[in-house]
Amino acid sequence: MNYKRIFLIVLDSFGIGNAPDAEKFGDLGANTLKSISKSEKFNIPNLTKLGLCNIDDVELDNYASPIGKYGALQEISAGKDTTIGHFEIAGIISDKPMPTYPHGFPKEIIDKFEKQTGCGTLCNKPYSGTQVIADYGQEHIRTGKLIVYTSADSVFQIAAHTDFIPVEKLYDYCKIARNILIGEHAVGRVIARPFSGEYPFTRTADRHDFSVEPPKETMLDKLKSNNFDVISVGKIADIFANRGITEKYYTYSNNEGMTQTLELLNKDFNGLCFTNLVDFDMKFGHRRDIDGYANAISEFDNWLSDFIPKMQNNDLLIITADHGCDPAYKGTDHTREQVPLLIYSKDIEPENLGTIKGYNYISKVILDKFDLR
């Protein structure tokens, strides 16, 4: 059956373990779903009905009669970050990892950035986003220097206090960095990280990502060029550098993203609604908050109680993730894991899809449903 509307929801970092190459990435044994399932906050009746617990090798009690198609997706790109994961979902396989900087950015990059912004810099090394403002925030205020840091991901992050560097000015600095970081230094994302208040400081909700452009045509480009709607909710437009997007809604939390996606059920459109729910990763995975993560997935599950009954006969729902971020695993970085694939419509025939190589399977399904094979 072809569909008029497809809702693709990425639960950012909701891995299910068992990646065959996890050891290569230093993530042997990482399993986000297994870790959070041990929390008393974990309650997922709707995801269970869709087939999550019936996915091969998921160590949770099976559901007797799942109502959707379900399976596991194995990432085949050379990375485990947001950009590479979303690019693969949209049809691009990345054979080479994007550049990372475990010892900080080279002097020539920092020199160019300081010259073009007129600002000095602090830190320039991998750091936790909350800890970096605790350790450098006061010096930033005293000196006016920008806090530049990275992580295990391919990111150039700039933190600044909003009382001293307005958010729009911080965005301008990020655009300068984005123009500098090209070629061999083309990091996946330049990220604005504004913070506010007095010590200990608080990060604001005005984070903004400036992504590298996809290297070739994506599923989104193809949909747009064939006059389908491509609606972005959350940071999807940022991840794809606004390419292939016809309408966008920025959100600053899972709750906002879920509310906006639910509202779009009332919109008469023909195409794709692509939603990213970032709190799983940003607020709970990286911060190693098991109960917070479990509670967030339970809130999403409860939201499905409202969303699914309101779906129309020609709507298709796809739920997946872009990588793992096991809150019980060592460190604070993403983890190489398989991700779930749950597909549901009112007329769907339930099926165990098994284990599928490549997140790009999703782009194939979506383009096929819109007769764009």
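Just order 163-175, 214-226 by mean Cβ neighbour count inside 10 Å, highest at the front, would you? Intermediate results must be reported in sequence, preceding the final value.
Numbers: 163-175: 15.8, 214-226: 18.0.
Put in order of decreasing packing, that is 214-226, 163-175.
Using a 10 angstrom cutoff on alpha carbons, build the Gaussian network for the chain and name the most mobile of ASN54, ASN46, ASN227.
Most flexible of the set in this elastic network: ASN227.
Roughly speaking, to the nearest percent, how much of the chain's 1.4 Å accessible area is carbon and sulfur? The partial results should precede the final answer.
Values: 6920 of 15190 Å².
After summing per-atom areas, the C and S share lands at 46 percent.
Of all GluC sites (Glu not before Pro) in the range 1-85, which ones are in loop regions per DSSP and have a Cβ with at most 13 other Cβ atoms within 10 Å?
On the way: sites: GLU23, GLU40, GLU59, GLU75; in loops: GLU40, GLU59, GLU75.
Here the GluC sites (Glu not before Pro) that fit, given the DSSP loop and packing criteria, are GLU40, GLU59.
For the chain, give the share of DSSP beta bridges that are antiparallel, in percent and rounded to the nearest 5; count only bridges with both residues there.
Values: 18 of 56 bridges.
Rounded to the nearest five, the antiparallel share is 30 percent.
What is the helix-to-structure angle for 290-310, meaning the angle in degrees between its Cα long axis and the longest Cα principal axis of the chain, kept from 0 to 90 and rounded to the nearest 10?
Roughly 50 degrees between the two axes.
Bin width 10 Å, origin at 0, all Cα-Cα pairs of the range 147-258: what percent of pairs per bin?
14, 38, 34, 12, 2, 0
Treating the Cα atoms of the chain as identical point scatterers in vacuum, please give the log10 of the normalised Debye intensity I(q)/I(0) at q = 0.10 Å⁻¹, two decimals.
Log-scaled intensity ratios, in q order: -0.61.
Given a 1.4 Å probe, how much area per residue of the chain is accessible, in Å²?
Accessible surface, normalised per residue, equals 41 Å².
Report the convex hull volume per residue for the range 261-364, counting only C-alpha atoms, in Å³. Can you show the working numbers first?
Details: hull volume 12.9 nm³, N = 104.
Enclosed volume per residue, from the Cα hull, is 124 Å³.
Can you tell me which of PHE274, PHE25, PHE156 moves the most in a GNM of the chain? Springs connect C-alpha atoms under 10 Å apart.
PHE25
The values are calculated or read from the model by the stated rules, or taken from the named source; none is laboratory data. This structure is a prediction, so every number in the text was calculated from the model and none was measured. Positions of Cβ are backbone-derived with ideal geometry, glycine not excepted, and every protein chain shown enters the neighbour counts. Accessible surface is based on the protein model in full, side chains and every heavy atom, while ligands, DNA and RNA are left aside. Shrake-Rupley method; radii C 1.70, N 1.55, O 1.52, S 1.80 Å.
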